[in-house]
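The values are calculated or read from the model by the stated rules, or taken from the named source; none is laboratory data. A quick note: this is a predicted structure, and the numbers were derived from the prediction, not measured. Every residue, glycine as well, gets a Cβ built from its backbone with ideal geometry; the counts of neighbours run over all protein chains shown. Quick note on the areas: whole protein, heavy atoms, side chains included, nothing else; ligands and nucleic acids left out. Shrake-Rupley method; radii C 1.70, N 1.55, O 1.52, S 1.80 Å.
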Amino acid sequence: VIDAHPNNPKGYAVQGDFYLREEEPEKALESFRKSIDAGATQYPIWQQVLLLDADLGDMDALLEESTEALEYFPAQPLVYLLNGFALMANEQYEQAVEILESGREFALGNKPLQAQFDSYLGDTYHQIGNDKKSDTYYEKALAFDDNNAVVLNNLAYYLSVRGEKLDKAEEYSRKSN
């Protein structure tokens with residue numbers, strides 16, 4: 001199909017799906033990118049690109065492509081989450097807070113996704129030194145999933161380093177382990 005219709009994005013998207021099934025993420029990513037270059041505007045194709053960027057640890061590509069995706073899909077919470085994640089990875093914490101706060105609004109009703117936003121916001125607020133907001137967002141994340149080992153561990157650690165709520169820090173640490 002690609003040979004017969006090299007400018008049609010559908011062939012590249014199907015090729016990307018096949019590469020995903022064959023567990024060849026780099027080739028899948030290349031195919032999905034070609035689909036977008038050929039004019040694909042469907043959210044699932046962009047989503048695959050962003051998820052593959054994240055899975056492959058290419059934060060620069062994730063930042064660039066998620067920023068572009070926000071222009072096309074301004075109501076998709078996952079795009080905000082991944083853009084915020086990429087901003088955090090690039091130590092652009094103030095921008096990450098803005099994006100994550102904005103995207104969190106689109107995740108209302110999706111508890112696992114809201115918990116992920118809250119977890120990232122906890123991490124980001126910690127990085128910019130706002131312990132109160134950091135703790136608040138970690139607590140919100142735990143309200144959705146009180147067994148989230150990463151959130152429990154982070155909150156326990158930060159509380160213990162600050163010498164605050166040490167009984168809670170110990171409880172969270174035990175639970176995270």
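Using the Cβ of residue 19 as centre and a radius below 11 Å, the other residues enclosed give a net charge of -4, where K and R count +1 and D and E count -1. About its Cα centre, the dipole of region 19-94 is roughly 320 debye, where the only charges are +1 on Lys and Arg Cβ and -1 on Asp and Glu Cβ.
Cross-link partners of residue 10 among lysines, defined as those whose alpha carbon lies under 28 angstrom from its own and excluding same-chain residues fewer than eight positions apart: 27, 34. Taking every alpha-carbon pair under 8 Å whose residues sit at least 6 apart, the chain reaches a relative contact order of 11 percent. Highest-first packing order for the peptide set 158-168, 75-85, 32-42 is 75-85, 32-42, 158-168, based on the mean count of other beta carbon atoms within 10 Å. Consider the candidate values (i) 1, 9, 19, 23, 22, 16, 7, 2, 0; (ii) 1, 9, 15, 16, 16, 13, 10, 8, 5, 3, 2, 1, 0, 0; (iii) 1, 8, 16, 19, 20, 16, 12, 5, 2, 1, 0, 0; state which one is P(r) over Cα pairs in 5 Å bins from 0, in percent computed from the structure displayed. Checking each listed value against the structure points to (ii). Taking label positions 7 Å along the Cα-Cβ direction at both residue 171 and residue 30, the computed distance is 5.3 nm, reported to one decimal.
Note on region 67-128: dipole from Cβ charges, positive end direction compared against 96, 74, 112; the farthest Cα belongs to 112. The fraction of accessible area contributed by carbon and sulfur in the chain is 47 percent, rounded to a whole number (1.4 Å probe; ligands and nucleic acids excluded). Taking 25 Å as the straight-line reach from the Cα of residue 175, the lysines in range (excluding those fewer than 8 positions away in the same chain) are 111, 132, 133, 140, 165.
If R0 is taken as 22 Å, the Cβ-Cβ distance between residue 128 and residue 60 corresponds to a FRET efficiency of 0.50. Let me know the charge dipole size of the chain about its Cα centre in debye, to the nearest 20, where only the beta-carbon of Lys, Arg (+1) and Asp, Glu (-1) is charged. The dipole magnitude comes to about 520 debye.
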